[in-house]
Amino acid sequence: MKNTILLISFLAGFCACQTEPSKGTPEVEVEEEVKPLVPGTVLLADSMRVPDALNERYFSVKLVANEYTRQGTYDVQIRYGENDAVTQITFPRGGTEKIIPVLKKGKEPYSYIIGFRYGNKDPLFYEYYWVQATKDKIETKYVKAYSFK
């Protein structure tokens, strides 16, 4: 009996809380505000172990937001063992709001390709920026150019 009373009380309270929108006021969809990424936020990162008989070392690449990320520019932080490099990458203009950065391993040893997908529905990977390291040097370069209108 006690459970029945509780259930009836709950349902009565639940039904009383539900309201229908007034018919005189049209519903308005509120657009979600896109908040800029905080500088220093790591968006993409990957690493692989570097062969070293004495130490545990890695080759790593990170794509990091900076103060210019709203315009399509990001920091690229690269590390090979104890060697560090930082550079910037700017994605193609005209598509900044639809570009989704992607990081993939490259074909060469100790290399990565930073590319992108264009929008949520595009399955293609667009190669854009190449990063490779050896114990002597760290190299980066743009590999393709794209234009969005």
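Within the range 94-132, take every residue that is polar (S, T, N, Q) and at pLDDT below 90 and give me the one that is farthest from V42 (Cα to Cα).
Restricting attention to the range 94-132, the residues satisfying the condition of being polar (S, T, N, Q) are 96, 111, 120, 132.
Subset that is at pLDDT below 90: 96, 120.
Values: T96: 18, N120: 20 Å.
Filtering the range 94-132 for residues that are polar (S, T, N, Q) and at pLDDT below 90, the one farthest from V42 (Cα to Cα) comes out as N120.
Within the range 106-128, restricting attention to residues that are of a type in the set (A, V, I, L, M) and within 18 Å of V76 (Cβ to Cβ), which residue is surrounded by the fewest Cβ atoms within 10 Å (Cβ to Cβ)? Give the steps one after another, and end with the answer.
Going through the range 106-128, the residues of a type in the set (A, V, I, L, M) turn out to be 113-114, 124.
Going one step further and asking which of them are within 18 Å of V76 (Cβ to Cβ), we end up with 113-114.
Values: I113: 22, I114: 24.
Per the stated criteria, the residue is I113.
Limited to the range 140-149, what total is found for residues that are open to solvent by less than 70 Å² (accessible area, probe 1.4 Å) and part of a strand (DSSP E or B)?
1
Please go through the range 133-149 and give me each residue that is in contact with a Lys or Arg (Cβ under 9 Å, 6 or more places away or on another chain) and within 20 Å of D46 (Cβ to Cβ), ordered by number.
A133, I138
Could you give every pair whose Cβ atoms fall below 6 Å, whose first residue belongs to the range 114-132 and is on the phi < 0 side of the Ramachandran plot and part of a loop (DSSP other than H, G, I, E, B), and whose second residue is crowded, with 19+ Cβ neighbours inside 10 Å and at pLDDT 95 or above, counting only separations of at least 6 or pairs across chains?
Here the result reads F125/G115, each pair linking the range 114-132 to a residue that is crowded, with 19+ Cβ neighbours inside 10 Å and at pLDDT 95 or above.
Would you check if Q77 is modelled with pLDDT of 95 or more and not hydroxyl-bearing (S, T, Y)?
Details: modelled with pLDDT of 95 or more: yes; not hydroxyl-bearing (S, T, Y): yes.
The answer is yes for Q77.
Filter the range 67-87 down to the residues that are open to solvent by less than 90 Å² (accessible area, probe 1.4 Å), out of contact with any Lys or Arg (no Cβ under 9 Å at 6 or more places or on another chain) and part of a strand (DSSP E or B) and list them by number.
T73, Y74, T87, listed by residue number.
Specify the residue that is most open to solvent (accessible area, probe 1.4 Å); the eligible residues are those in the range 38-66 that are among the hydrophobic types (A, V, I, L, M, F, W, C) and in a loop (DSSP other than H, G, I, E, B). First the steps, then the outcome.
First pass over the range 38-66, keeping only residues among the hydrophobic types (A, V, I, L, M, F, W, C): 38, 42-45, 48, 50, 53-54, 59, 61, 63-65.
Subset that is in a loop (DSSP other than H, G, I, E, B): 38, 53-54.
Details: V38: 96, A53: 108, L54: 156 Å².
Looking at residues that are among the hydrophobic types (A, V, I, L, M, F, W, C) and in a loop (DSSP other than H, G, I, E, B), I get L54.
Do any residues in the range 61-75 that are more than 8 Å from L43 (Cβ to Cβ) have Cβ atoms under 6 Å from those of residues that are open to solvent by less than 20 Å² (accessible area, probe 1.4 Å), where the two are at least six apart or on different chains, and which pairs are they?
V61/I78; V61/Y112; V61/V131; G72/F91; D75/V64; D75/N66
The values are calculated or read from the model by the stated rules, or taken from the named source; none is laboratory data. Only a predicted model underlies this, so the values are computations on that prediction, with no experimental measurement involved. Note that we place each Cβ from the backbone using ideal geometry, even for glycine, and neighbour counts take in every protein chain shown. These accessible areas exclude ligands, DNA and RNA; they are computed on the full protein's heavy atoms, side chains included. Shrake-Rupley method; radii C 1.70, N 1.55, O 1.52, S 1.80 Å.
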